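**Student:** One structure coming up, written as structure tokens, with questions to follow.
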Amino acid sequence: MLQKPRSRGRPSSQADRDKDWGRGAAEEAPSTSRGAGGSQEARGAASQSARRAEASPEVGPRSQQQLELKVAELVQFLLIKDQKKIPIKRTDILKHVIGDYKDIFPDLLRLAAERLEYVFGYKLVELEPKSNTYILINTLEPVEEDAEVRGDQGTPTTGLLMIVLGLIFMKGNTIKETEVWDFLRRLGVYPTKKHLVFGDPKKLITEEFVRQRYLEYRRIPHTDPVDYEFQWGPRTNLETSKMKVLKFVAKVHNQDPKDWPAQYCEALADEEARARPETGGPAPSS
């Protein structure tokens with residue numbers, strides 16, 4: 001049975017934590033099939049074992065870290081899908097997020113619902129009994145900073161922008177475009193497909209966010225095939241901060257910002273730099 005995520009001690013090292021924010025959690029269970037040279041009895045036993053595994057509600061093994069990453073992925077997916085206030089279909093959740101974890105979907109949905117309510121202030125409810133469609137209800141009247149940390153600033157694209165900014169920061173302030181799309185595909189956002197909420201996601205991220213100066217987008221030299229990279233743009237540094245983005249990442253993963261020591265120290269230094277009065281202005285006249 002799936003255990004409720006704990007808020008401490010998940011990844012065993014800083015490197016593991018950095019990898020968590022931008023990689024998939026799903027891994028296939030070890031195969032129970034035998035080689036061609038095995039005996040008929042062995043193959044029969046393996047077949048029975050496979051059938052038992054298929055019928056069992058626990059298909060594994062799956063580590064606690066894998067399960068927690070899957071819950072975090074589900075939370076992000078629900079936050080994004082809710083941006084346009086259109087009911088979220090169970091079939092879309094299963095297709096884009098759950099994958100091979102269908103056997104524990106109710107547990108994953110329950111844990112995601114708990115995190116949405118207690119961390120983000122959203123209640124996940126089924127629109128109608130047995131409709132298999134869900135909506136998020138805002139249960140709080142958040143203060144301005146809480147709304148910003150949730151990526152809720154009144155526009156449907158802000159949640160997506162916060163996720164991209166989080167990816168950039170957690171990857172050392174620069175990330176390849178291919179890595180961004182690898183992550184967003186798991187949330188049902190594709191560079192070549194029109195999205196119900198975001199329209200043309202590739203144009204939004206590589207043109208609109210760039211033109212608005214939230215992102216810097218440049219070609220990586222000497223790459224074949226050609227690849228590009230993202231960095232924070234100047235407007236991002238004016239409107240938000242590394243600490244606020246790190247808090248967003250931590251909330252999604254049900255962890256503390258201090259669980260990423262390198263990023264936390266960098267964010268603290270950024271906060272201290274912002275608090276210092278600006279120097280270099282005109283000297284007062286004597």
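The values are calculated or read from the model by the stated rules, or taken from the named source; none is laboratory data. No experiment lies behind these values; they were computed from the predicted model shown. Positions of Cβ are backbone-derived with ideal geometry, glycine not excepted, and every protein chain shown enters the neighbour counts. Only protein heavy atoms, including side chains, enter the accessible area calculation; ligands, DNA and RNA are left aside. Shrake-Rupley method; radii C 1.70, N 1.55, O 1.52, S 1.80 Å.
**Student:** Note down all Cβ pairs under 8 Å where the first residue falls in the stretch 95-116 and is not assigned by the TED database to the domain that holds Lys81, the second is in a helix (DSSP H, G or I) and open to solvent by 10 Å² or more (accessible area, probe 1.4 Å), and they're at least six residues apart or on different chains.
**Tutor:** Within 8 Å, no pair qualifies.
**Student:** Considering (1) touching a Pro at 6+ places or on another chain (Cβ under 9 Å); (2) surrounded by 18 or more Cβ atoms within 10 Å (Cβ to Cβ), say which one Glu216 fails and leave the rest.
**Tutor:** Going through the list (1) touching a Pro at 6+ places or on another chain (Cβ under 9 Å); (2) surrounded by 18 or more Cβ atoms within 10 Å (Cβ to Cβ), Glu216 breaks only (2).
**Student:** Could you grab the pairs with beta carbons closer than 9 Å, sequence gap of 6+ or different chains, first residue in the stretch 234-250 and closer than 16 Å to Phe120 by Cβ, second one among the basic types (Lys, Arg) and at pLDDT 90 or above?
**Tutor:** Ala250/Lys258
Okay, residues lined up against (1) at pLDDT 90 or above; (2) assigned by the TED database to the domain that holds Leu94; (3) under 30 Å from Val97 (Cα atoms):
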site: Ile175; (1), (2), (3): yes, no, yes
site: Val189; (1), (2), (3): no, no, yes
site: Phe209; (1), (2), (3): yes, no, yes
site: Arg213; (1), (2), (3): no, no, no
site: Lys247; (1), (2), (3): yes, no, yes
site: Asp259; (1), (2), (3): yes, no, yes
site: Glu266; (1), (2), (3): yes, no, no
site: Ala275; (1), (2), (3): no, no, no
site: Pro282; (1), (2), (3): no, no, no
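**Student:** Quick check, is Lys85 modelled with pLDDT under 85, within 21 Å of Thr158 (Cα to Cα), open to solvent by 50 Å² or more (accessible area, probe 1.4 Å) and not assigned by the TED database to the domain that holds Phe198? Explain how you work it out, then say what you get.
**Tutor:** Values: modelled with pLDDT under 85: yes; within 21 Å of Thr158 (Cα to Cα): yes; open to solvent by 50 Å² or more (accessible area, probe 1.4 Å): yes; not assigned by the TED database to the domain that holds Phe198: yes.
Against the criterion (modelled with pLDDT under 85, within 21 Å of Thr158 (Cα to Cα), open to solvent by 50 Å² or more (accessible area, probe 1.4 Å) and not assigned by the TED database to the domain that holds Phe198), Lys85 qualifies.
**Student:** What is the number of the single condition among (1) out of contact with any helix residue (DSSP H, G or I) (no Cβ under 7 Å at 6 or more places or on another chain); (2) assigned to a helix (DSSP H, G or I); (3) open to solvent by 60 Å² or more (accessible area, probe 1.4 Å) that Asp224 does not meet?
**Tutor:** Evaluating Asp224 over (1) out of contact with any helix residue (DSSP H, G or I) (no Cβ under 7 Å at 6 or more places or on another chain); (2) assigned to a helix (DSSP H, G or I); (3) open to solvent by 60 Å² or more (accessible area, probe 1.4 Å) leaves (2) as the failure.
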